[in-house]
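First the structure, in the form of structure tokens, and then the observations on it.
Readers should treat all values here as calculations from the given coordinates under stated rules, not as data from a laboratory. Computed from a predicted structure; not experimentally measured. Here the Cβ positions follow ideal geometry from the backbone for every residue, glycine too, while neighbour counts run over all protein chains shown.
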Amino acid sequence: MVVHSQSAALDHCSLIKTCKPTTSVFKGIPVVDLRDPEAKTLIVKACEEYGFFKLVNHGVPMEFFTRLEAEALKFFNLPQSDKDKAGPPDPFGYGLKKIGSNGDVGWVEYLLLNTNPQITSLKSLTVFRETPEIFRSSAVNDYIQAVKRMTFEVVELMADGLKIEPRDALSRLLRDEKSDSCFRLNHYPPCPELQALGGRNLIGFGEHTDPQIISVLRSNNTSGLQICLRDKTWVSVPPDQTSFFINVGDALQVMTNGRLRSVRHRVLAESMRSRVSMIYFGGPPLSEKIAPLASLMAKGEESLYEEFTWWEYKTSAYKSRLGAYRLGHFEKKTGGAAGQ
């Protein structure tokens, strides 16, 4: 995705939304040390208050970060015709600007890969087959396997903090051989012509919540990620290329009956530096029924949501616009509602 002139850039941007600039850098992001004896308590507190936290001392080697990032950039810097061989996404494969099938676009190109070795996408194979000298599958696999192990530990600590029994109630869904998890590499090229937009920010990836149980994000040191606080204020998250940022997903919000809240977030384009992010989305098997966990429900407490399978929710979510409140269709109409 290369743009050579201001007029061409503005033409490329014409369908992409802009937003008012946000000058507030949020310094209150909860930070959790995975080896802290109090990690289980800190994780729950952060997820209750923000649905989001930074994870440090996570044990994933920096070598895995740098190797995958370097190979991802080599791929994204290929001629457009070469990248297009791995697309269009089905949903796996290479995508450019178009996010989903409902008209959402952003200043982004991406690769979406399946993390389940039992289900290999033809588009994923194309990436590795067409560019073996650039994109080695081992770089992807090493990173994903390490992040998976860390994520299992995080959700088990979360279960401990919430007093969920058994403690693998969440991790077993991610460990399942039929787990519907995926991995996404996003590339947000620099857009030097941003000044021509009248001081507004260009949307790289529009506001949304993640539908899965949990999302684990790592990026380079380029800013752009923003989260929406409870008071609807958008704040910028300071980048940290050595750490992970953990997001509560919609499915986890339902499983905790709204106690943990999925976080609304977005990414803004930068004028001078490219942003590369890699995200593991931990999802349950398609047939898994999603409902509040019995061990979390107080006596007499009513579920805020109708029971649904992950397949039903995923299908509904991806039929909606990116920024839609997707859980609204599944909230019970009586006995209260979780709200947005």
Contour minus end-to-end for N141 and S295, with contour as 0.36 nm per residue of separation and end-to-end as the Cα-Cα distance?
52.0 nm
If you take every DSSP beta bridge whose two residues both sit in segment 16-319, what share of them, in percent to the nearest 5, is antiparallel?
90 percent
Within the chain, excluding any GluC sites (Glu not before Pro) found in a DSSP loop (not H, G, I, E or B) and having at most 16 other Cβ atoms within 10 Å, the longest uninterrupted segment runs 178-300
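Rounded to the nearest 0.05, what FRET efficiency do L229 and D90 have when you use their Cβ-Cβ distance and R0 = 41 Å?
On the way: r = 36 Å, r/R0 = 0.87.
The computed FRET efficiency comes out at 0.70.
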With +1 on the Cβ of every Lys and Arg and -1 on the Cβ of every Asp and Glu, the dipole magnitude of the chain about its Cα centre, in debye rounded to the nearest 20, is 500 debye
Segment T315-L78, extension gain: residue separation times 0.36 nm, minus the distance between their alpha carbons:
82.0 nm
Taking Cα atoms only, helix 39-49 is inclined relative to the longest principal axis of the chain by an angle, in degrees rounded to 10, of 80 degrees
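Run the helix sum for the chain: -39,500 (n - 2.57) per DSSP H stretch of 4+ residues, divided by residue count, reported at 222 nm to the nearest 500 deg cm²/dmol. Please list the in-between numbers first.
Values: 9 runs with 92 residues, N = 340.
The helix contribution divided over the chain gives -8000 deg cm²/dmol.
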Of Y188, Y143, M62, which is farthest on the positive side of the dipole of the chain, counting Cα position, with +1 on Lys and Arg Cβ, -1 on Asp and Glu Cβ, and the Cα centre as origin?
Y188
Give the span of segment 16-319's Cα atoms along each principal axis, as three whole-Å numbers ordered largest to smallest.
59, 44, 38
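Working out 0.36 nm times the residue gap between S271 and E307, then minus their Cα-Cα distance, what length gain in nm do you get to one decimal?
Numbers: separation 36, 0.36 × 36 = 12.96 nm, distance 4.44 nm.
The span from S271 to E307 would gain 8.5 nm if fully extended.
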In segment 16-319, with Lys and Arg counted as +1 and Asp and Glu as -1 at Cβ, which of these residues, V25, T256, F53, has the Cα nearest the positive end of the dipole, that is, farthest along it?
V25
